[in-house]
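Readers should treat all values here as calculations from the given coordinates under stated rules, not as data from a laboratory. Everything numeric in this text was worked out from a predicted model, so none of it was measured. Virtual Cβ from ideal backbone geometry, glycine too; neighbours counted across all protein chains shown.
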Amino acid sequence: MAQERKAVIQAKNLYKIYSVGESKVRALNGVNLTIYKGEFCSIVGTSGSGKSTMLNMLAGLEKPTKGEVIIGGEHLEKMNENQLVRFRREHVGFIFQSFNLLGTLDARENVALPLTFRGMPKKERLAKADAMLNLVGLPKHKDHRPNEMSGGQQQRVGVARALVVDPEIIFADEPTGNLDSNTSAEVMGLMKKIVREQNQTLVMVTHDNHLAGFADRIFHIIDGKIVKIEDNTGKRGDEDL
Amino acid sequence: MKFRDLLGMSISSLWRRKLRTILTILGVVIGTASIVVMISLGLGLDKAQMAQIEQYGGLTTINVRGNEGGSSGYYMGGGVSVAVEDVGSSDSSEPTRLDDAAIEVLSQIENVESVAPMLQTYVIGRQGIYEGQFNLIGTTVEALENMHLELTEGSSLPTSETELKILYGNTVVSDNFYNSRNNEYYWENGNMPDVDLVNDPLFLIFDSDAYWNSKWGGTDENGNPYKAPKKYVVESCGVMAGGPEDYSSSSYNAYCNVEALKVQLKKIFKGRVIPGQPQTKAGKPYKEIYYNQAEVKVTDMKYMEEVQEIIRGMGYYADSNIEWITQMRESSRSVQAALGGIGAVSLFVAAIGIANTMMMSIYERTKEIGVIKVLGCELPNIRNMFLAEAAFIGLIGGAIGLVLSYIISAVINMVTKGMMYETGVSYIPVWLTLTALLFAMIVGMVSGLFPALRAMRLSPLAAIRNE
Ligand SMILES: Nc1ncnc2c1ncn2[C@@H]1O[C@H](COP(=O)(O)OP(=O)(O)OP(=O)(O)O)[C@@H](O)[C@H]1O
Ligand SMILES: [Mg+2]
């Protein structure tokens, strides 16, 4: 079964070294990984272990000190910032821990924002945003501004915004970090459901082992190194699909 | 990203910070208004000067005079000969004189529109107890037409080349005539001399030397008393329009046809030297009557200096308003620069205000900028968004500043009305309006450029990091 799957993300011998004053911090210390199409992966580890650094590197938000990041056959480490922006716009969706919705825009406009950057006409993008908000279960909150919504609702808008461009890959850095456990489970379920339906790849960072358990595969990271890869696909079967 | 969406985002982020936007715009309003008002004052000055110059005989006329070798051949009638100091050219070489042939040569020079010969003589006019000495200028009808004189009803130009008819300026009487009983002029006592130039006959005396000599009872070299010169009744063909105090460059002169004047002078002075005309070494008159000066009209102001140089090269004296104008414009330009500089300082302060506002806005929106970067907003779009914001501040500030300038300008003109210039002290031409608007916008963009570039270079990581 593994042979049939197509690799979308590959990291080879990835290093990220920060120099703080005299000392050097090895945030990533030689990471190799492959993530396949349609997979839901989570990255877990203690605080400061290098999870966010790794995700940023995979999403092309930061340049690695050494090593390669290959997404869909393209080398991110060789791109300049303009190319990276374009690459993200075409292939990647992002979900933030602190939602990061624009306070002046209502839910619908927030979701339509990435489409604006793609130059989509207003009518079309608002229609698409509408459909996306229905999908994440917020049909009644389209005209609400972020400060008129609960954290869970805001993160649903965040999910809708990430998914509205039909990205091949979605990165999420602690998407439920600011939510209580019930709401977290709801949002996780929602993310997983939509991603499955569209056969999209989701990479999520969390330090919560329970939430990590939603994933197909779990990468355990300690001090910038992957120490264990847990495979859930076999264990859980398709019971929650 | 569509340009419309980009503008929309810029405007909405300006709208979000209304108070700060308004304050920044206010700075630009004041800056623009002060620069425009200051420049308008300079331009008003310029315009008033031009109007003044126009009044003093235009910008395209060169006065040409003959050269009697070493001194200017500007002869004045009535025995008064004023020798102008040598201007530095051709000393005591062949004298250059203005005759019909010379006029023809002058009119052949490139960019010369027309040449008007001027034969000038001082005459004494008498009517009743009033007497006055004035300048009688003979010239062509064409030249008189070019002067665009306003005539009273029933007046006409002296067209006849044989019969002498005189066109009087409207201040000839008030300026030159006096009561022969008490020797008082109008400008001394305010009593208008009772002289009617049109309906009553006016006696003219052309040989004013003889007139004065006989009047004071002198004798000539042979001991004989001077004979009083003959008086002639000369008909008038008209009077210029205007009151006794409406002065202009032509109002105090009398004009006639040059050919008719030549005929008349030859008749009067038969064989004698006409006052003001050159004479041979033996003291005899020349056969021809030479003109005192010629007015050369140039097709355009830009050829003035060139034509003037050519004429000087021919040995004539040539002068015009152009040198004076050039000097005057230079000084008015430096006044303008100084005034504009004062305005520029306030606009500069406004520009710093814009830069500061944009910088603040970027610090506040660091996270937002990061988010839109992560969401795929291209870098040039981010830069343009901020540039558009700054340009908007400049444009709106400039527009309101212009409205304010028009109001201030109108108020200044109203307050100073009639005090200095007829044309108004402050003048805002269309080009200034458009330039000011464009300039305000550019100032906005330039001051927004550095903040915009900074926004563009912000790291997208700022968005993900949790503070
Ligand atoms: N810009 C930076 N400069 C210097 N050191 C950094 C920088 N960013 C991260 N680090 C260091 O790299 C290491 C990994 O950081 P990272 O943010 O990846 O941790 P994390 O696993 O996401 O932790 P958390 O669960 O708390 O978010 C940490 O030791 C951190 O101090
Ligand atoms: Mg982290």
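Could you state, as a whole-number percent, how many of the C-alpha pairs of the stretch A:115-238 are farther apart than 23 Å?
Across the stretch A:115-238, Cα pairs with separations above 23 Å total 37 percent.
So what is the relative contact order for chain B, in percent, with contacts set as C-alpha pairs under 8 Å and at least six apart?
For chain B, the relative contact order is 28 percent.
Dividing the Cα convex hull volume of the stretch A:28-85 by residue count, how many Å³ per residue is that?
98
Taking θ = phi - 60°, what integer Hz values does the Karplus form 6.51 cos²θ - 1.76 cosθ + 1.60 yield along the stretch A:44-60, in sequence order, with x for Gly and Pro?
10, x, 6, 4, x, 7, x, 5, 4, 4, 5, 4, 4, 5, 5, 8, x
Taking each residue in B:365-375, count the Cβ atoms of any other chain within 10 Å of its Cβ, then average. What number comes out?
Mean number of neighbouring Cβ atoms from other chains: 6.
Order by neighbour count: A:141, A:207, fewest other Cβ atoms within 10 Å first, most last.
By the 10 Å Cβ count, ascending, the order reads A:207, A:141.
Arrange the following residues from fewest to most other Cβ atoms within 10 Å of their Cβ: A:183, B:24.
Taking fewest neighbouring Cβ atoms as first place, the list is A:183, B:24.
With the cut-off at 1.5 for a/c, could you classify the stretch A:93-140 from its C-alpha gyration tensor as rounded, prolate or oblate?
Oblate shape, in that a/c is at least 1.5 and b/c is the bigger or equal ratio.
If the viscosity is 0.692 mPa s and the temperature 37 °C, what Stokes-Einstein diffusion coefficient in µm²/s follows for the stretch B:311-467 when Rh is the Kirkwood radius over Cα pairs?
The estimated diffusion coefficient comes to 169 µm²/s.
Could you tell me how many degrees, from 0 to 90 and to the nearest 10, lie between the Cα long axis of helix B:379-415 and the main elongation axis, the longest principal axis, of the Cα atoms of chain B?
40
What would the Debye formula give as log10 I(q)/I(0) at q = 0.11, 0.18 Å⁻¹ for the alpha-carbon point model of the stretch B:265-398, no solvent?
Summing over Cα pairs of the stretch B:265-398 leads to -0.74, -1.07.
Going through the cross-link list A:140/B:367; B:231/B:270; A:225/B:373; A:16/A:228; A:193/B:367, which pairs have a Cα-Cα distance over 24 Å in this structure?
A:140/B:367; A:225/B:373; A:193/B:367
Output the 0 to 90 degree angle, nearest 10, between the alpha-carbon long axis of helix B:322-364 and the longest principal axis computed from the alpha carbons of chain B.
10
At a threshold of 8 angstrom on Cα-Cα distance, excluding pairs fewer than six apart, so keeping six or more, what relative contact order does chain A reach in percent?
27
Let me know the Kirkwood hydrodynamic radius for the protein assembly as shown, please, with Cα pairs as the basis and the value in Å to one decimal.
34.1
Only sites in a loop by DSSP and with at most 12 other Cβ atoms within 10 Å count here; which GluC sites (Glu not before Pro) in the stretch B:164-254 make the cut?
When the GluC sites (Glu not before Pro) of the stretch B:164-254 are filtered for loop state and at most 12 Cβ neighbours within 10 Å, B:221, B:245 remain.
Which whole-number percent is the relative contact order of the stretch A:132-218 (Cα, under 8 Å, 6+ apart)?
RCO, the stretch A:132-218: 29 percent.
In which sequence would B:456, B:192, B:301 go, from the one with the fewest C-beta neighbours within 10 Å to the one with the most?
Arranged by neighbour count, lowest to highest, B:456, B:192, B:301 become B:192, B:301, B:456.
Tell me whether chain B comes out rounded, prolate or oblate; compute the Cα gyration tensor, take square roots of the eigenvalues as a ≥ b ≥ c, and use a/c under 1.5 as the rounded threshold.
Since a/c reaches 1.5 and a/b is larger than b/c, the shape of chain B is classed as prolate.
Calculate one ³J(HN,Hα) per residue across the stretch B:101-113 by plugging θ = phi - 60° into the Karplus curve 6.51 cos²θ - 1.76 cosθ + 1.60, and present them in order as whole Hz with x for glycine and proline.
My calculation for the stretch B:101-113 gives 5, 5, 4, 4, 4, 4, 6, 7, 5, 4, 6, 8, 7 Hz in order.
So who's got an amide H within less than 5 Å of the one on residue B:202, skipping anything under 5 residues away but keeping other chains? H placed 1.01 Å off N, in plane.
Amide H neighbours of residue B:202: B:234.
Plugging the Kirkwood radius over Cα pairs into Stokes-Einstein for the stretch B:60-320, at a temperature of 10 °C and a viscosity of 1.306 mPa s, what D comes out in µm²/s?
81
Hey, got the Cα dimensions of chain A along the principal axes, in Å, largest first?
Computed over the Cα atoms, the extents are 49, 43, 38 Å.
Are there GluC sites (Glu not before Pro) in the stretch A:159-241 that DSSP puts in a loop and that have at most 13 other Cβ atoms within 10 Å, and which ones?
Answer by residue number: A:239.
Scan around residue A:30 for amide H atoms under 5 Å from its own, H built in the peptide plane at 1.01 Å from N, and keep only partners 5 or more places away or cross-chain.
Those qualifying (amide H under 5 Å, at least 5 residues apart or on another chain) are A:14, A:15, A:16.
Between A:204, A:79, A:132, find the one with the highest GNM mean-square fluctuation for chain A; connect C-alpha pairs within less than 10 Å.
A:79
Given H placed 1.01 Å from N in the peptide plane, which residues other than close sequence neighbours of residue A:222 have an amide H under 5 Å from its amide H?
Correct list: A:227.
Which residue, A:129, A:185, A:172, has the most motion in a Gaussian network model of chain A that connects Cα atoms within less than 10 Å?
It is A:185.
Can you give the mean number of other chain Cβ atoms that lie within 10 Å of the Cβ atoms in peptide A:101-111?
2
Using a/c under 1.5 as the rounded threshold, could you call the stretch B:322-381 rounded, prolate or oblate? The axes a ≥ b ≥ c are square roots of the C-alpha gyration tensor eigenvalues, and prolate needs a/b larger than b/c, oblate otherwise.
Oblate, since a/c reaches 1.5 and b/c is not below a/b.
Cα convex hull of the stretch B:140-232: how many Å³ per residue?
159
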